[in-house]
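As C-alpha cells, the structure follows; a few thoughts come after it.
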Amino acid sequence: MFPLLSHSILQSEIPPDNKFSGEELILRPASKAGFVSNSGVRNFDETSSVREALDISDFTEAIEKYKQVCSSLNKDSNKSRYPEFIFLGTGSATPSKYRNSSCILVKIDDESTFMLDCGEGSFGQFFRFFGDDLFSELKKLKGIYVSHHHADHHLSLIELLKSRESLNLPPLPLIIPPAVSDWLQAYSDKYESIDHLFKIYHSTTFQSPNACKSLWSQLNIENLVTVKVPHCKDSMGLIFHIGKERSYKIVYSGDTMPSSALIREGMNCDVLIHEATMDDGLEEDAIAKKHCTMSQAIDVGLRMKAKNTILTHFSQRYSKIPLISFSDMGNVGIAFDNMRIRYCDLPKLPHLIEPLKILFHDDHEELLDKSSLRLRKKQVLAEVSQKMDSLF
C-alpha cells in the first residue's frame, strides 16, 4: 500500500565532484553541471524507521489488530488487481513536505492509466514513484482530467506533456476547463510550441452521457460524464466507468462544497474520491472557500451510497494526518501521498486509520488541542456578544 520510492536516477555517469548533501538555504553554482546528483546522499534507512515506529507505545498492538482484520477480509475479497489507485498528491493549495498538490492515477489495466488532476509538483512525484519505469508509465497514460482552473490542480501539465515529447506518442487527450485551455494555448503561442502534444476537450461539454463517445475508447473507459459543482467557475465533478470483467463506477469530486447533483449522478458508485479540505469546526471557512469539512465529505458518501469513500485534498495544516474525530469510519479511508491501493484492498483502508493515529500521535493531539482552543474562543465570543446585546 505504501511502496518505497525509487532512489535511482536516469543518468548513468555522474561527475565525482558533483555530489553534495542538500541543506536548507544552500546556494551552489551549477553552471557546468547538467544535473545535480543525490547519489552521495544517505538513502532512507527503512530498518531504523521501522524500529522507531515499533518503539511507539501501542503501535505494535494496533498493527497486529490491523493484520487480523486484513486476514479476515482477504478470505472474502475479490483479488482482481484493477482498478488501482495511486495518490501522487493529497494536499491543497501548495505542496508541503508531506503532501503534494492534487494528482491521482487510476490504473485501468496493465497498459492504461487515467490521471485525475495534475497539480504543482505532480511530474516530480510521478518520477519519484516510478523511477526508471518513468517513460514506460508515461506511455501508458491515456488522458488527463482537470477538475477546475486553480493552479494546485493543473500547474504540472506543461512539464508532464513535454516529458512525453521524445516518446513519439500521439497527442494526449486533456479534459480541462476552458480557462486551463486558454492558459495552455497562451503558453504555446508566446513561449514554446507545445500544442502538438495534446488535444483539448472542454470538461463543460461532457454533461451529456453521450458526449464525445469517440474519446472513450482512447481512454479505455466505458463512459464518462461531468457534473457542475459549487467551487469556482466551470468546476466539475467526474463520474466514469471502467473495467473489463466487471464495470466499476468511480466518482471524483474535485474541489467542491457538498453537491446534490454529484450525489445524484454518483449514486451507488464503487469508489468515491472526495475532497475533505477542512476539519470539523471550520464549517464557516469551508463555506467561504467553497470546500468541504471531513464530516460533510463523509455525509456525501453516505447519501451517495458509495461502496468505498477515499478522502483527499487536505489543508496543509494537516500535512501528516488530518484531524479524525470518528472512532468508526465505516467504509471511509484517508489518502496519503504515494499510497497505492487496489480496488479489492479498499475495505482494509478504514482499518488503517487507528494505527496511523498512534504513529502520528503527537501531531494528531496537537490538532485536537488547536481544535478545542478554536471552539473555546468561539464560545467566549458568543458569550461576550450575548452580554453586550443584553446591555442595549
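The values are calculated or read from the model by the stated rules, or taken from the named source; none is laboratory data. Remember, predicted model here, so these are calculated numbers, not experimental data. Using ideal geometry, Cβ is built from the backbone for each residue, glycine included, and neighbour counts are taken over all protein chains shown.
Being of a type outside the set (Lys, Arg), within 27 Å of HIS351 (Cα to Cα) and in contact with a strand residue (DSSP E or B) (Cβ under 6 Å, 6 or more places away or on another chain) holds for only one residue in TYR82, TYR66, and it is TYR82. Considering (1) under 24 Å from PRO95 (Cα atoms); (2) part of a loop (DSSP other than H, G, I, E, B), the lone condition that GLY330 does not fulfil carries the number (1).
Across the range 250-306, the number of residues qualifying as in a loop (DSSP other than H, G, I, E, B), among the acidic types (Asp, Glu) and crowded, with 22+ Cβ neighbours inside 10 Å comes to 2. Among residues of the range 187-209 that are basic (Lys, Arg), those with a beta-carbon under 6 Å from a residue that is in a loop (DSSP other than H, G, I, E, B) at least six positions away or on a different chain give the pairs LYS199/PRO171. For the range 183-233, a tally of residues being loosely packed, with under 12 Cβ neighbours inside 10 Å and either assigned to a helix (DSSP H, G or I) or among the hydroxyl-bearing types (Ser, Thr, Tyr) (or both) returns 10. Exactly one residue out of PRO322, PRO355 is in contact with a strand residue (DSSP E or B) (Cβ under 9 Å, 6 or more places away or on another chain) and within 27 Å of ILE86 (Cβ to Cβ), and it is PRO322. LEU367 meets all of the listed conditions (1) surrounded by 18 or more Cβ atoms within 10 Å (Cβ to Cβ); (2) within 21 Å of the chain's Cα centre (by Cα) but one, namely (2).
Is the range 101-120 home to any residue that is within 25 Å of SER315 (Cα to Cα), surrounded by fewer than 24 Cβ atoms within 10 Å (Cβ to Cβ) and among the basic types (Lys, Arg)? The answer is no, given that none of the residues of the range 101-120 is within 25 Å of SER315 (Cα to Cα), surrounded by fewer than 24 Cβ atoms within 10 Å (Cβ to Cβ) and among the basic types (Lys, Arg). MET339 meets all of the listed conditions (1) farther than 25 Å from PRO230 by Cα; (2) at pLDDT 95 or above; (3) in contact with a Pro (Cβ under 6 Å, 6 or more places away or on another chain) but one, namely (3). Within the range 126-163, restricting attention to residues that are hydroxyl-bearing (Ser, Thr, Tyr) and farther than 30 Å from PRO230 by Cβ, the residue that is surrounded by the fewest Cβ atoms within 10 Å (Cβ to Cβ) is SER136. Within the set SER247, SER253, SER260, the sole residue that is within 21 Å of SER208 (Cβ to Cβ) and out of contact with any strand residue (DSSP E or B) (no Cβ under 6 Å at 6 or more places or on another chain) turns out to be SER260. Figure legend. Inter-residue proximity from the range 338-357: first residues under 17 Å from ASP109 (Cβ atoms) and touching a residue at least 12 places away in the same chain (Cβ under 8 Å), second residues among the basic types (Lys, Arg) and not in a helix (DSSP H, G or I), beta-carbon distance below 7 Å, spacing 6+ or different chains. Indicated pairs: ARG342/ARG81; CYS344/LYS79. Consider LEU238 carefully, then state whether it is surrounded by 20 or more Cβ atoms within 10 Å (Cβ to Cβ), at pLDDT 95 or above, part of a strand (DSSP E or B) and touching a Phe, Trp or Tyr at 6+ places or on another chain (Cβ under 6 Å). The answer is yes for LEU238.
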